[in-house]
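Here is the structure we will look at.
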Amino acid sequence: MHEAVFSFTSPQATLLHRVLAPEAGEVAGSRSCEEVMLEGDDRLVLRVQAADVHALRAALNMWLRLITVADELQEMIIHE
């Protein structure tokens, strides 16, 4: 089993967690499992476990993109 953990600091971490957490978990037939956690009020933690390094890379690409898009969207909404 391969694992990667990323930690992001954001004043909107609680909102990001609320949006992203329902997407996490283990999907039947998937080679990866993801967990999105909130540490305090300003830290979002992503943990990805995968059966092989290729599945880990694919899951990380997707999740890092999701987090980036969610963060950029909430920034746009706040500043409008």
Based on Cβ point charges of +1 for Lys and Arg and -1 for Asp and Glu, what charge dipole magnitude is obtained for the chain about its Cα centre, in debye rounded to the nearest 20? 260
Taking the Cα centre of the range 35-80 as the origin, how large is its charge dipole in debye, to the nearest 20, when only Lys and Arg (+1) and Asp and Glu (-1) carry charge on their Cβ atoms? 320
Provide the convex hull volume over Cα atoms per residue for the range 29-69, in Å³. 66
Under the helix-only model (-39500 (n - 2.57) for each DSSP H run of 4 or more, divided by the residues of the chain), the mean residue ellipticity at 222 nm, to 500 deg cm²/dmol, is -14000 deg cm²/dmol
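Read the figures in this text as sums done on the coordinates, not as results from a lab. None of the values given here were measured: they were computed from a predicted structure. Here Cβ is always computed from backbone atoms with ideal geometry, including for glycine, and neighbour counts include all displayed protein chains.
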